Amino acid sequence: MAQASVITDEMRAAIGKESEPVTIEVDKTAVRMFARAVGYKDLIFYDEQYAKSKGYRSLPVPMGFLGHPVYRPDRPSRPAYVMAFQTPYRRVLNGGTDIEYHEPICAGDVLTATTKIADIVERTGSMGPMLLIVSETTYRNQAGKAAATFRGTLIQY
């Protein structure tokens, strides 16, 4: 006999709803610190004049970096996950992340990020039933263009 779905109407209704926007700043020090932490040696991440000589507006962000949320005590400091529902599972794993860059992001940019649940899928793994919840955060630059998309999968079992 097939097991009943744990995906509720409330969960289905959450798919596609965007969070409130969060402001993200990209600064030179953070670009340099991230590049150093992950072992990048290319001078474009450290020397602004060198980066400009290579066609960048300022220091470009290293792969995997998207700046830091601006902290304000009256607003969320990161894009809200938009998961206002409960699931029957308590264990959680990171099922993977992916960042797609659409426009160059450089130090001095101010991004606006919104998050939404892109999909919810039920699967059965070696430990039993589980949910895969895929979120998508879109980072728009100061011109309003989509600069990057971050996709993350949360596994609950």
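The values are calculated or read from the model by the stated rules, or taken from the named source; none is laboratory data. Keep in mind the model is a prediction, meaning the values are calculated, not measured.
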Discussion item. Suppose we filter TYR56, TYR89, TYR46 for residues that are more than 12 Å from the chain's Cα centre (by Cα), among the aromatic types (Phe, Trp, Tyr) and over 20 Å from PHE34 (Cα atoms); which single one remains?
Written reply: TYR89
Worksheet, complete the sentence: Residues in the stretch 108-157 that are among the charged types (D, E, K, R), more than 15 Å from GLY96 (Cα to Cα) and in a strand (DSSP E or B) total 4
Worksheet item: Within the stretch 1-102, which helices (runs of 4 or more DSSP H) (wholly inside it) include 3 or more residues that are in the same structural domain as LEU154 (by TED's automatic domain parsing) and within 22 Å of VAL134 (Cα to Cα)?
Response: 9-14
